Amino acid sequence: MSPTQWDFPVELCCRPMAFVTLTGLDVVYNAVHRAVWDAFCANRRADRVPISFKVLPGDHEYPKCRPKRTSYEWYIPKGILKTGWMNKHLNLVPALVVVFYELDWDEPQWKEKQSECATRVEIVRQSLQGRNTKVAVVLIQKKTPLPPGEDVIASERAAALCNACELSGKSLFVLPHTDHLVGYIIRLENAFYEHAQTYYYTEIRRVKSHKEFLNKTTHQLLFVRHQFKIAFFSELKQDTQNALKNYRTAYNLVHELRAHETNILEIKTMAGFINYKICRLCFQHNTPLDAIAQFRKHIDLCKKKIGSAELAFEHAAWMSKQFQAFGDLFDEAIKLGLTAIQTQNPGFYYQQAAYYAQERKQVAKALCNHEASVTYPNPDPLETQAGVLDFYGQRSWRQGILSFDLSDPEKEKVGILAIQLKERSVVHSEVIITLLSNAVAQFKKYKCPRMKSHLMVQMGEEYYYAKDYTKALKLLDYVMCDYRSEGWWTLLTSILTTALKCSYLMAQLKDYITYSLELLGRASTLKDDQKSRIEKNLINVLMNESPDPEPDCDILAVKTAQKLWADRISLAGSNVFTIGVQDFVPFVQCKAKFHFHAPSFHVDVPVQFDVYLKADCPHPIRFSKLCISFNNQEYNQFCVIEEASKASDVLENLTQGKMCLVPGKTRKFLFKFVAKTEDVGKKIEITSVDLVLGSEAGRCVVLNWQGGGGDAASAQEALQASRSFKRRPRLPDSEVHWDGIVIQASTMIISRVPNVSVHLRHDPPALTNEMYCLVVTVQSHEKTLIRDVKLTLEKTLYVRCGTVGSRMFLVYVSYLINTTIEGKEIVCKCHKFEHLERVYADIPFLLMTDLLSASPWALTIVSSELQLAPSMTPMDQLESQVDRGENVAHSPSLAEGRVICICFVVSWTSAMDSIPVISTVITLPHVIVENIPLHVNADLPSFGRVRESLPVRYHLQNKTDLVQDVEISVEPSDAFMFSGLKQIRLRILPGTEQEMLYNFYPLMAGYQQLPSLNINLLRFPNFTNQLLRRFIPTSIFVKVRLRHFLTGVSASASLLPMNIQD
């Protein structure tokens, strides 16, 4: 049988419409007739009646009507439904034949024209040969007719024409060819539709009348056939409710038939047809749950009706088609407005159709594995005289034979062999891929990512079986990222194994190396012997040799691949492959870490960091080179380790080499270099770590880690390690726990620590408006001479204070000194300045700058700008105003980082001369950034009033990745009464915020101390209340009660006139 035998017939899937033929129209040579035909067919909107029109000649021969059967007593049906019956009533046998004839009422030769018209009608009736098809006549006239009753001649001639043609008055129509042609055509269509409905009603009654002659013993097939015909005619009549009712009855009758191996295919075929009709009508009636229930019932009834064991693949193909057809119906209904959901959408039905298509492929592979000597039977048992089967679902070599006993077993055997040999030519993978593609599109539409990924893996595997390795790799590569990110290592290993086979069969060097690296890694669930084989193949590729074939590959594909690998070896090309490992999980792990978690290094101290490497492959492996790259490339030359080795040494079990990695052991490499003085105040960052496997004599693979290391699984593993309560085993002092190593890829270079002391001598107290004397003494404790000493203040100075209060004086001292580091002499600039020592990440702080001119001449400040570090973000717009010595205020917020450095850029020019603007960059003192476990901020009004409620909200935000146990208590104040939780213990989840609400009740006016909020963190005992005071206000200004004040004023005003009067 042909591969498309399981497709439903077109006439079953289309929407049945009344079939009307038009005769007497010359649409080729007559312009009027062509306009009439176009009005019938062109631009048919949904509101027009459902009619299928066809132009035929007047003497067209319609299918002959068989003689009417008067009795069914000795009649034995040969099948359920003929293959041509639906098409016959959709496209061959019309419900109405319309005869078009050009004739006006005032035609001079009326008699001759009337006779000719009657002859045409008679010819049509003769060609219908006793069918119940209706006949109508349409007169095409040039003039617009008068209203009924006003044209006496027209009435008389119309009656005469009806008598001559033997037509009723309702079957004669007039079509004026005027500007309103379309309007007349629509009215004609409605009249034709009524005639067609009458015809189909008559046909339904005719079929029903046959039931009286049937019996349940020999005419079971006829019961199904007649019920199907009634339902189909009801659809043509557009009576979909009755059609659905009769289809349901027909479906039940089908399953009452006695099933046997000889007729099981016909029963399943008709059950599938009727089920399709029922589901289609349920969707059309907007009852999708009924459609789904019907389909589930259909599958439950039919899934075990397999039939012949030698043709079991046919049952799988039939099941696949049932699910695919229902998926198509479901999708069509959605396009027409039905709403689907994640758990009930067409994707599930396409997926199940693909599952049965895969089962068909497997069963066919087992049943159709004939030897090459077996040839196709001749003559072909699947061929018929007419080219098509007489009845749906029957075998071509025994059509119409309903006996359960096989009369010719040899003929049956030859027919089964022909079907099996035909099945071998079916491209199963193409069928499966199409269904999976439909399912993927649906799951993507309804946002089901895991289902989509699962089916894409199956599509990739089918492309692999179909030997389309390029598309297979493309799909598998796409889904690998999802499985890596979610940690599905077993599934990832299976996908990688298939991808490795594809890359081998295509001789794709880089892909083959990449997949091999990952299959050797910790994410792979392969056994050690499989990993050893892959490792050996990887080394062969690096030595410019062909790898061994992957297991379970097609023999012919392997031979082709071996030729491709030989060509790869002989062709000269690039032998260096750089592979970024941040997107997959290689067999080598890497972590870079600066010493002591140092946030910064002084410029006179060597910068030191470690690179840790760990191999997960089954055997020790030797690398040839390790190099580190920085954002300042001048340091790259100091961080290279290289070991000369032959290509054959890569897998030797030598554990003494400095570049040899032993599986499961952590190897540490120490690097040290001297920072440049120009980098003071700048961040030094590791941009990449490169590890070279192989040698230039063969092929080199450069494993590239971005930043300080880490691959696709590192973040997830680090999170699991931080949450784990498992005690780590004790290791020797020379070894470290891999999970305990934290990547730190950046540090800051800060200025040398000054070795000077600054003393400020004065005799307090200072009086208001007194010229108070201050003496600054700078004493050097350096071992060598210092030079270029600069003080921002003179040694002796006088200060005049105009207001009472305490004052703070900051002294800035800077100098240069020569120092030697690692045998290299550098010039260090040192400065001493009392300043804010630390700020906190993600917590806003205020930065104020004072600009003082040391020039004896006037300067014009054009503009000033504050340049923030990359790790800082401003809380508001950065504005800088310099006018008469005013302060410059900024409030940036730190995003992350340990040390920040800020530059202040001043653009100035001389006030006397017209010279270009000069920009001076001033590096402000650096600040250490620390993380804070809990941030507290208060939301309260700017002031309060005596004896009025003052709501205060405290917001506690957990800044860590741990659950915080927080103890909160509020100490009372003499100036306030309050309501709220005085003492509480609560837990705050990572990254979340807890709100505490208190109502304070002020008792006295003035600046008053708020009730003190005390917080104790059980996980962080160093978190003190002194630190808490920096974030929340401790006092508030309380105003007098306004109501009492106004009442007192009113009382005084009313008493005053009374005193005057007295």
_Extension gain, CYS13 back to ILE826 (0.36 nm per residue minus Cα-Cα distance, nm)_ = 283.9 nm
*Could you calculate the contour length gain from VAL758 to GLU122, that is, 0.36 nm times the residue separation minus the distance between their Cα atoms, to one decimal place in nm?*
216.1 nm
*In region 262-339, what is the count of Lys pairs whose alpha carbons are under 24 Å apart, counting only pairs at least 8 residues apart or on separate chains?*
18
*asked:* Ranking request for peptides 373-382, 510-519, 992-1001: highest mean number of other beta-carbon atoms within 10 Å first, then the rest in descending order.
replied: 510-519, 992-1001, 373-382
*Between SER308 and GLU685, what is the FRET efficiency for a Förster distance of 60 Å, r being their Cβ-Cβ separation, to the nearest 0.05?*
0.25
_Considering only protein heavy atoms and a probe of 1.4 Å, how much of the accessible area of the chain is carbon and sulfur, as a whole percent?_
52
*Give a quick list of chymotrypsin sites (Phe, Trp or Tyr not before Pro) in region 30-107 that DSSP marks as loop, anything other than H, G, I, E or B, with at most 15 other Cβ atoms within 10 Å.*
TRP74, TYR75
*Could you compute the FRET efficiency for ILE186 and ASN30, with r as their C-beta to C-beta distance and R0 at 25 Å, rounded to 0.05?*
0.70
_Compute the angle between helix 469-486 and the longest alpha-carbon principal axis of the chain, please, reported from 0 to 90 degrees and rounded to the nearest 10._
50
*Given charges of +1 on the Cβ of Lys and Arg and -1 on the Cβ of Asp and Glu, with all other atoms neutral, how large is the dipole of region 280-353 about its Cα centre, in debye to the nearest 20?*
160
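So for each of 605-614, 770-779 I average, over its residues, the number of other beta carbons within 10 Å; can you give me the resulting order with the highest mean first?
Listed from highest to lowest mean packing, they are 605-614, 770-779.
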*Which one of LEU90, ALA561, VAL758 has its Cα pushed farthest toward the positive end of the charge dipole of the chain, where Lys and Arg give +1 and Asp and Glu give -1 at the Cβ?*
LEU90
*Compute the acute angle (0 to 90°) between the alpha-carbon long axis of helix 110-128 and the principal axis of greatest extent of the alpha-carbon atoms of the chain; round to the nearest 10°.*
80
*Report the FRET efficiency, 1/(1 + (r/R0)^6), for ALA466 and LYS82, where r is their Cβ-Cβ distance and R0 is 41 Å, rounded to 0.05.*
0.60
_Need one number: nm distance between label points at VAL963 and GLU696, each 7 Å from Cα along Cα→Cβ, rounded to one decimal._
5.9
*Distance in nm between label sites at SER570 and ALA259, each 7 Å beyond Cα in the beta-carbon direction?*
6.1
*How much accessible area per residue does region 405-549 have, in Å², with a 1.4 Å probe?*
44
*From the square roots a ≥ b ≥ c of the eigenvalues of the alpha-carbon gyration tensor of region 1-127, which class results: rounded (a/c under 1.5), prolate (a/b over b/c), or oblate?*
oblate
_Under 5 Å between amide hydrogens, which residues at least 5 positions from VAL756 or on another chain qualify, with H placed 1.01 Å from N in the peptide plane?_
HIS781
*Could you list the GluC sites (Glu not before Pro) in region 153-221 that lie in coil according to DSSP, counting only those with at most 16 other Cβ atoms within 10 Å of their Cβ?*
GLU166
_Within the chain: Cβ-based charge dipole about Cα centre, in debye rounded to nearest 20 (Lys, Arg +1; Asp, Glu -1)_ = 2540
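Using the heavy atoms of the protein chains alone and a 1.4 angstrom probe, what is the accessible area of region 224-377 per residue in square angstrom?
I get 41 Å² per residue for region 224-377.
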*Relative to the longest principal axis of the chain, what angle (0 to 90°, nearest 10) does the C-alpha long axis of helix 240-254 take?*
80
*From the square roots a ≥ b ≥ c of the eigenvalues of the alpha-carbon gyration tensor of region 322-469, which class results: rounded (a/c under 1.5), prolate (a/b over b/c), or oblate?*
oblate
_Given points 7 Å out from each Cα along the Cα-Cβ axis, report the GLU865 to VAL374 separation in nanometres with one decimal._
8.3
_When a/c reaches 1.5 or more, the comparison of a/b and b/c decides; with that in mind, is region 86-196 rounded, prolate or oblate per its Cα gyration tensor?_
oblate
*Starting from the amide H of MET748, placed 1.01 Å from N in the peptide plane, find each other amide H under 5 Å away whose residue is 5 or more places distant or on another chain.*
SER600, PHE601, ILE684
_Net charge around ASP965, counting only other residues with Cβ within less than 14 Å of its Cβ (Lys, Arg = +1; Asp, Glu = -1)?_
+2
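Quote the charge dipole size of region 32-136 about the Cα centre in Debye, to the nearest 20; the model charges only the Cβ of Lys and Arg (+1) and of Asp and Glu (-1).
That gives a dipole near 860 debye.
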*When the chain is fully extended, how far beyond the present Cα-Cα distance does GLN342 get from SER1035, taking 0.36 nm per residue of separation?*
243.9 nm
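Quick check: convex hull over the Cα atoms of the chain, volume per residue in Å³, rounded to an integer?
Hull volume over Cα atoms, normalised by residue count, gives 433 Å³.
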*Using modelled backbone amide H atoms (1.01 Å from N, in-plane), which distant-in-sequence or interchain residues come within less than 5 Å of VAL49's amide H?*
none
*Express in whole angstrom the spacing between the alpha-carbon centres of region 482-507 and region 344-383.*
28
_Environment charge of LEU613, counting only residues whose C-beta is closer than 9 Å and scoring Lys/Arg +1, Asp/Glu -1_ = +4
*Return the sequence-ordered ³J(HN,Hα) values of region 990-1004 in whole Hz as given by the Karplus equation 6.51 cos²θ - 1.76 cosθ + 1.60 applied to θ = phi - 60°, using x for Gly and Pro.*
x, x, 9, 10, 10, 10, 10, 10, 10, 10, 8, 10, x, 10, 8
_What does the charge count around SER546 come to, taking other residues whose C-beta lies under 14 Å from its C-beta (Lys +1, Arg +1, Asp -1, Glu -1)?_
+1
*For region 531-547, 3J(HN,Hα) per residue [Karplus equation, 6.51 cos²θ - 1.76 cosθ + 1.60, θ = phi - 60°, Hz, x = Gly/Pro]*: 5, 4, 5, 5, 5, 5, 5, 4, 5, 4, 5, 5, 8, 6, 10, 7, x
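The values are calculated or read from the model by the stated rules, or taken from the named source; none is laboratory data. Given the structure is predicted, the values throughout are model-derived calculations rather than measurements. Counting neighbours? That spans all protein chains shown, and the Cβs are built from the backbone with ideal geometry, glycine included. Accessible surface areas use protein heavy atoms only, side chains included; no ligands, DNA or RNA. Shrake-Rupley method; radii C 1.70, N 1.55, O 1.52, S 1.80 Å.
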